[in-house]
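The values are calculated or read from the model by the stated rules, or taken from the named source; none is laboratory data. Bear in mind the structure is a predicted one, so any value in this text is a computation, not a measurement. Cβ placement follows ideal geometry from the backbone for every residue including glycine, while neighbour counts extend to all protein chains displayed.
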Amino acid sequence: MRNFINIVLIGPMGAGKTSMGKALARKIGWTFYDSDQVVEEIAGVDLLWIYDLEGEEGFHRREQKVISDLMQKRNIVLATGGSTVAVPENRDALVEGGLIIYLSTSLDDQLIRTGYSKKRPLSPELEERRGILKRLHEQYVPLYEDLSDISYNTDNKPTRVAVSDLVNLIREKNTSIQI
């Protein structure tokens, strides 16, 4: 059995990693981090600016350092970006000390949830956004599934219910995490 020291939430944008991560951390008394927010804080600019100036490769370089540093901490709940799993070094760092929970969501729910955000690099046009999300789904779901210790679908689940479910799933997993 792996020795888990952190809880890591992976999944596509709009799956609820940040909102559920904050609520889960509060419930179990751990510290919450969102890797995208930490990248922004360190860079002093938002993700869209980083993507515009440095591209995806530049963003992933920054993100890799943040993931590596955060995974050295103990008793954190970490919400990752949707593409964090694309970088092999990130996958290794997450698996090393994290109980990995894949939060999945349907394309329809994802379209609704991402439609309100001005911070996501998506088109405001529904069909274009649907195509982008479908392509990302095909690219990343196999990685999410391969890495996860627990999978949980967030469709139509209020945060309170989802967090309670996650706590029960963590306990059922019989992990070294004491919550």
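Please work out which residue is nearest to residue 86 (Cα to Cα), limiting yourself to region 39-65 and to residues that are exposed (fewer than 12 other Cβ atoms within 10 Å of the Cβ) and among the small types (Gly, Ala, Ser).
Selected residue: 55.
For residue 10, are the conditions met, namely being closer than 25 Å to residue 156 by Cβ and either at pLDDT 90 or above or surrounded by 15 or more Cβ atoms within 10 Å (Cβ to Cβ) (or both)?
Judged against the criteria, residue 10 is a match.
Cβ-Cβ distance below 6 Å, separation of 6 or more or different chains: which pairs start in region 26-44 with a residue that is basic (Lys, Arg) and end on one that is surrounded by 19 or more Cβ atoms within 10 Å (Cβ to Cβ) and at pLDDT 95 or above?
Once the first residue is basic (Lys, Arg) and sits in region 26-44, its partners that are surrounded by 19 or more Cβ atoms within 10 Å (Cβ to Cβ) and at pLDDT 95 or above give 27/163.
Are there helices (runs of 4 or more DSSP H) fully within region 13-116 with at least 3 residues that are within 17 Å of the chain's Cα centre (by Cα) and closer than 29 Å to residue 161 by Cβ? List them.
Once the helices (runs of 4 or more DSSP H) in region 13-116 are filtered for at least 3 residues that are within 17 Å of the chain's Cα centre (by Cα) and closer than 29 Å to residue 161 by Cβ, what remains is 17-28, 35-43, 88-97, 107-115.
Determine which single condition residue 4 fails, assuming it passes every other condition in (1) within 15 Å of the chain's Cα centre (by Cα); (2) in contact (Cβ under 8 Å) with a residue 60 or more places away in the chain.
Status for residue 4: all satisfied but (1).
What tally of residues in region 88-110 results from selecting those that are surrounded by fewer than 22 Cβ atoms within 10 Å (Cβ to Cβ) and among the polar types (S, T, N, Q)?
2
Where residues in region 133-152 are surrounded by fewer than 16 Cβ atoms within 10 Å (Cβ to Cβ) and either under 18 Å from residue 20 (Cβ atoms) or in contact with a Leu (Cβ under 8 Å, 6 or more places away or on another chain) (or both), which of them is modelled with the highest pLDDT?
Out of the qualifying residues, it is 151.
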